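Colleague: Before I ask anything, here is the structure I am working with.
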Amino acid sequence: MSLIDYLKLPKTKYSTKEILRWLWKAWKGNRLQACLNAAIGLLGVGVSLASVWAVQRAIDVASHDLEGNIYVAVIVMGLLILCDFALNVASVWIRNILGIKAQNRMQQQLLDRILRSQWKGKETHHSGDVLNRLEFDVSNVVNFLTEVIPNSLSTLALFLGAFGYLLSMDWRLAFIITFMIPVFVIFSKLYIRQMRNLTSEVRSSDSKVQSVLQETIQNRMLIKTLEGDSAAVDRLEEQQSVLRHKVVRRTKFSVFSNLTLSLGFSVGYLIAFTWAAIRLSAGTLTFGGMTAFLQLVNKIQSPARQLTRLIPSFVMVFTAAERLMELEEDPLEEQGTPIQLASPCGIRFKNVAFAYEDSDENVIENLNFDFYPGSCTAILGETGAGKTTLVRIILALLQPKSGTVEIYNNKEQHPLSPRLRNNFVYVPQGNTLMSGTIRDNLRMGKLTATDEEMEEALRRSCADFVFELPNGLDTECTEQGGGLSEGQAQRIAIARALLRNRSILLFDEATSALDPDTERQLLKNILATNDKTVIFITHRPAVIDYCDQTLTIQKL
């Protein structure tokens with residue numbers, strides 16, 4: 001049995017080649033920072049090796065083994081120290097200023113990719129897990145691309161420069177010290193594979209902990225009313241316990257590996273010290289030369305030591321890249337220029353059937369129906385019959401298993417696709433307001449909306465109460481419309497939809513929290529003109545009375 005089989009090292013989801021290709025693509029947007037860091041690193045190597053020479057010369061001048069002015073030698077050392085200080089300041093500045101820009105850019109790209117991907121009715125990853133990946137895994141990838149890779153280049157340059165310097169002084173010692181490098185490479189290969197698995201387990205557990213925290217905070221009122229405080233904390237402790245166990249496993253492996261490598265480096269340093277001491281006692285090496293010997297040995301071993309610290313970075317970035325690549329697995333929706341039809345428009349279903357991917361049974365079977373232009377339709381049916389699924393098909397979020405769905409007016413018709421989604425306004429069930437001001441929420445419907453347009457939309461949606469608030473449109477709402485009643489939040493959401501001003505309006509139980517009088521007035525306002533096609537998912541008799549036709553969905 002091989003060592004790899006004995007350690008039970010796992011296969012990864014993506015090959016090394018695939019991960020490297022993804023990292024190369026991600027690196028394209030971070031080249032400036034990476035190149036600046038590489039340049040600073042290489043200048044730092046030059047300053048470091050020059051400092052070895054300056055120290056050796058100053059000591060030899062002071063001990064009269066070399067002619068020269070000791071004050072000049074010290075001034076040279078001081079200038080090199082100042083150069084090193086300046087390079088460190090520049091490095092910190094680049095890391096803090098360009099680093100946050102790089103991280104923000106990658107988060108934006110991934111969020112854009114997620115939003116433009118196909119929606120399958122069920123999320124593959126918990127929202128807490130996605131947030132964890134967008135924060136911590138993006139940070140790891142950006143740090144690797146902009147810091148670790150440039151540092152690796154300067155580390156290699158330091159090794160080659162120090163080796164060449166030591167080789168010019170004593171070729172035997174140079175080869176003895178570097179002999180351990182191949183052994184280190186072999187060991188590090190095994191270390192990387194096992195550490196990658198352990199790190200992946202830790203990151204997965206960390207995401208679960210964040211998911212529990214997020215769900216608990218979001219549902220705090222529910223937990224309080226069910227008196228589930230202790231159970232919620234116990235659930236968190238259960239996940240945290242798993243995380244702690246996996247962190248301990250990774251830490252034990254890391255500590256053992258680092259101790260083994262440190263022992264090897266210490267033996268190498270003792271060999272170099274003994275060799276230099278023998279030569280010094282024999283008179284074949286000056287005291288300054290011995291100091292240079294020991295500094296150079298340290299600068300040869302330092303890249304190897306840094307590599308042991310870089311290995312966890314390589315492990316973490318491979319794990320992080322895999323986790324981010326998983327967010328890009330869902331295929332993109334159809335992309336292209338949006339197609340907007342002249343109002344009024346209709347939606348026509350022809351023999352449509354639909355089933356979710358994880359089910360063999362159809363939710364919708366052989367549906368034929370025409371939401372003709374300018375009509376008002378109520379979609380009825382018991383819970384679970386497929387009403388919400390039908391709306392998702394209309395919005396091109398889901399694609400029919402068979403049959404066709406088309407949008408049309410009196411001049412043209414098109415099969416429904418994401419490119420035609422700009423013809424719709426959708427008001428989903430429940431509270432859909434975002435944190436921010438009422439003005440911010442309304443502008444989600446129309447970014448360029450004026451105050452006059454927003455006020456008109458609020459009046460049509462019976463949300464006149466906004467004008468009586470102390471701050472009016474600038475009234476702050478907390479998460480999920482906190483500070484407003486459910487009925488108030490619904491009316492603001494309807495005003496947001498009216499601002500969007502599209503041909504087809506879909507309301508999913510959008511008046512469920514309104515009193516009968518307000519509901520009737522709202523319906524009159526919405527249906528005052530006949531240039532819109534309106535679709536209600538509802539159980540409310542008052543809504544049905546205002547509709548031209550009904551569609552009853554039977555549970556299969």
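Colleague: Quick check on my link table: of Lys387/Lys532; Lys13/Lys246; Lys208/Lys252; Lys446/Lys524; Lys17/Lys101; Lys446/Lys555, which ones sit more than 30 Å apart, alpha carbon to alpha carbon?
Modeller: Pairs exceeding 30 Å: Lys446/Lys555.
Colleague: Collect residues whose amide H, placed 1.01 Å from N in the peptide plane, falls under 5 Å from the amide H of Ser417; neighbours closer than 5 in sequence don't count.
Modeller: none
Colleague: Turning to a different aspect of this structure: For Asp508, what residues show an amide H to amide H distance below 5 Å, using hydrogens built from the backbone and excluding near sequence neighbours?
Modeller: HN-HN under 5 Å from Asp508: Val427, Gln429, Ile537.
Colleague: Excluding Arg57 itself, calculate the net charge of residues whose Cβ lies under 12 Å from the Cβ of Arg57, where each Lys or Arg counts +1 and each Asp or Glu counts -1.
Modeller: Local charge sum for Arg57: -3.
Colleague: Summarise the accessible area of region 78-147 (1.4 Å probe, protein heavy atoms) by the percent that is carbon and sulfur.
Modeller: The nonpolar share, carbon plus sulfur, comes to 63 percent.
Colleague: Let me know the volume per residue of the alpha-carbon convex hull for region 88-150, in Å³.
Modeller: So the per-residue hull volume is 82 Å³.
Colleague: Can you compute the radius of gyration and Dmax for region 428-556, using only the Cα atoms, both in Å?
Modeller: 14.6, 51
Colleague: Explain nothing, just compute: Karplus ³J(HN,Hα) = 6.51 cos²θ - 1.76 cosθ + 1.60, θ = phi - 60°, for every residue of region 395-400 in order, whole Hz, x for Gly and Pro.
Modeller: 7, 6, 7, 10, 10, x
Colleague: While we're on this one: Enumerate by residue number the chymotrypsin sites (Phe, Trp or Tyr not before Pro) in region 311-377 meeting two conditions: DSSP loop (anything except H, G, I, E, B), and at most 15 other Cβ atoms within 10 Å of the site's Cβ.
Modeller: Tyr356
Colleague: Between Gly386 and residues 5 or more places away or on another chain, which pairs have amide H atoms under 5 Å apart, with H built 1.01 Å from N, and which residues are they?
Modeller: When sequence neighbours closer than 5 places are left aside, there are no close amide H contacts.
Colleague: Taking region 451-556, which trypsin sites (Lys or Arg not before Pro) meet the DSSP loop condition and have no more than 14 other C-beta atoms within 10 Å?
Modeller: Sites meeting the loop and neighbour criteria: Lys555.
Colleague: Just need the Rg to Rh number for region 54-168, please, alpha carbons only, Kirkwood Rh.
Modeller: Expressed as Rg/Rh, it is 1.29.
Colleague: Something else: What is the pair-distance distribution P(r) of region 70-109, computed from all Cα-Cα distances in 5 Å bins starting at 0, with each bin given as a whole percent?
Modeller: Answer for region 70-109: a P(r) of 6, 21, 14, 12, 12, 9, 8, 7, 5, 4, 2, 1 percent.
The values are calculated or read from the model by the stated rules, or taken from the named source; none is laboratory data. Just so you know, these numbers come straight off a predicted model, no measurement behind them. Glycine also receives a Cβ, built like all others from the backbone with ideal geometry; neighbour counts cover every protein chain displayed. Note: accessible area is taken over every heavy atom of the protein model, side chains too, but ligands, DNA and RNA are not part of it. Shrake-Rupley method; radii C 1.70, N 1.55, O 1.52, S 1.80 Å.
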